Structure formats: C-alpha cells, structure tokens
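What follows is one structure encoded as structure tokens, with my remarks underneath.
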Amino acid sequence: MTLQIKCEECGADLAFKPGTKSLTCNYCDHTMAFAEPESANQAHNELNLDDYINHFDEKAQQVEKRVLDCKSCGAETQLDTNQQSSSCPFCDTPLIQQQAETRKLIKPRGILPFKIERKVARQSFKNWLSKLWFAPNDLKKQLTQHDKFKGIYLPFWTYDCDTNSYYVGQRGEYYYVTVSGTDDDGSPTDKKERRTRWSNTNGKVHNFFDDMLVSATKSLPNDKLKALEPWDLKQLVDYKDEYLSGYLAETYHVSLKSGYEIAKKTMETKIRKDVKHNIGGDDQRIISIDTRYNEATFKHILLPVWISAYRYKTKLYQILVNAQTGEVQGMRPYSWVKIALTSLTSLSIILGLVYFYMNIPDK
C-alpha cells in the first residue's frame, strides 16, 4: 500500500500533491502526473459481504507491509520503503521500524485523496486554537512552537443493506377524563387527566441503507472521527498507490465482520424510529422486532486526515483536521484557574446588580 517514486530531475522522493493527480518534488518542485487506473469505477463498486466473510482466505490479498507498531497507543502505521524510523502520528512517541511482514488483507478499492495542503490544515488549526478561551496561557505558545501535522489515510468500511423488519407492538391513543377533587382550601374542583387507550398492532417496515460509514481504526476516539463528518463519498476515486506517496496509511484494526455489527446497531436505531412512526397514534410500545438483513455489500476505503499529537503536563492530546473539508476536531486541556476567576467575576457582577436594585430608593 505504499510506494516510493524518485524525482526524474534530482532523485529526491516525490509526494502526492493535494487537490491534483500528480506527484511533486519537495526539493526542486518538479511535477509528474500519474496515469488513471486501468480498471475505472472500482471505487464505487460494492462487494458481496457474505462472500468475503465466508471465503476470506480466497478473497483477501497477500500484502507485504513495513509497519510501525506503537507500544504506547497500539497504532499500526505503514512506511515508505526508505524510512527507517518515525514518530507515531497518533501519540508522537518515537518509533523504530519493525521487520516487514506479510498478511492477508482486504485491499482498499476506493480512496478520498488529500484535498487541502498541510499549510491550510495548520491555519485551520490556528483558527481553532484562537477560540480556546479557557486554555492554559502557556498552551498556545507550546503548540505554536511544536506545531506539526502528519498526513495519514485512515481505514473505513461502508455498508449497504436492504432490510425488512417485522414488528409487534401497541398503539396508544390519548383521551381525557374529568376527575373531581378539592383545592388546598377544601373547595370542590374538577380537572382533566390524560389517559392512554392501547390497542395491539403489527406490521412491516422496509429500509435501504446506503454507505453506512464505520471507522476501522482503534487509534482515535470514535466521537472525534464522527465529528469530522460529513465526507463527500461521491468524490471517491479508484485506489492507486501514488495517492499514498508521501503519506502514512493505517491498517484496519476493526474486521469486516465486526464493522458490519457496528453498522447494524446504527441501522437498528433508524429501524426502531421508523417502526414507531409506522405504529402511529399518540404513543407507541414496541414488543418485538424481527429484522431480515438482505443483499449486504461493502467497500473498504481510505479517508484523509491531518493529525497532530502533543503532550501537555504528561497527558496526550490530539488534533484532527478533515483533509477534504478542513473541519477541525481536537482535544485540549482546561485552565481551572481561568474558569474559577470567570465564575467569581460573574458572581460578583450578579451580586452587585442585586445590591444595586435592592437599594434603589422608593419614589
């Protein structure tokens, strides 16, 4: 999954230039376009899920990888053949390259190439950093001095599935009754109370789920990856080694089968919502749902992220930038001194206003 291409002019390594279909030399700026894949439109072709799960050894490809296995965070990234050492892009721990190994993996069929360059990602990060009101004073200085971003392709699965869900439930209809009672002073009073009339029901709900996106990495928090969305998957192109030139790529740690179970949980949430809508009425009870999953397909794709990791007082923080849209998601420390001072200032203002209004002389 990695490729090293030398510059025709000076012999240095070429790297994919974001937003183009060419490789550029960082030393002499020589540019070389690369050819389109011979078999076009593979990026959007769906593969039969059951076929791959049941015949993995036959379908998966033998891939020789030169990997960095981080003992600190567990991430596994791939290197170009000429790289001997690096630091982990996920936790900034110094690493030494392990021996090349061969595994059977499902090779990506689609890739979303880097669209924004490192300098744009860095500027997006600085804009995000400027809004951190409660960050420690020395944080911004530290991050500015050690600002570094690495481009990495993260592994994802997408799943398509046709579902038929057969349900048994109850439909609730509201009605109101008048109930006699007494007020606090003992006088009689009438009030209306809401009741629910329940009736049994059953039915079927059909859904088609398209491109259910599931992260196949365990190196980053899933909530931060979700917050980087949306990804414009219509821009996927056929996988080609040249897109990885100059970047890192992580091997998937979430298996095809495990990813499908994660996708099904998301499907189930939507199915339950649709079942309630189908039951109708004012309130709904779901007794059971039996869902049949049909014609499930998948794609293995790579999505681009600029990532920077830093430590503040021994704790690890990560910054992620969607390399297609520029969306920034990050982790940051808080200055409890600033929060406390702000709270005290706000409290003082409130108490001052209360004192002011309580001492206004009556006219």
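Read-outs: derived from the displayed coordinates by stated rules, not from any lab. Because the structure is predicted, anything quoted here is derived from the model rather than measured. Methodologically, a virtual Cβ is constructed for each residue, glycine included, from the backbone with ideal geometry; neighbour enumeration extends over all protein chains shown.
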For the pair ARG103 and LYS21, the simple spin-label estimate (label points 7 Å beyond Cα toward Cβ) gives in nm 3.1
Taking a crude spin-label model, label points 7 Å out from Cα along the C-beta direction, the HIS206 to ALA33 distance in nm is 4.6
Extension length gain for THR325 and LYS218 (0.36 nm per residue less Cα distance), in nm, is 36.3 nm
Between TRP128 and ILE287, the FRET efficiency computed from the C-beta separation at R0 = 41 Å comes out, to the nearest 0.05, as 0.30
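Which entries of LYS59/LYS204; LYS148/LYS218; LYS218/LYS265 show an alpha-carbon separation above 25 angstrom in the structure shown?
Long pairs (Cα-Cα over 25 Å): LYS59/LYS204.
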If R0 = 51 Å, then SER258 and ARG194, at their Cβ-Cβ distance, give a FRET efficiency to the nearest 0.05 of 0.65
Residue separation between ASP274 and ASN294 times 0.36 nm, minus their alpha-carbon distance, gives in nm 5.4 nm
Distance in nm between ALA227 and GLU117 label points, each 7 Å along Cα→Cβ, equals 2.8
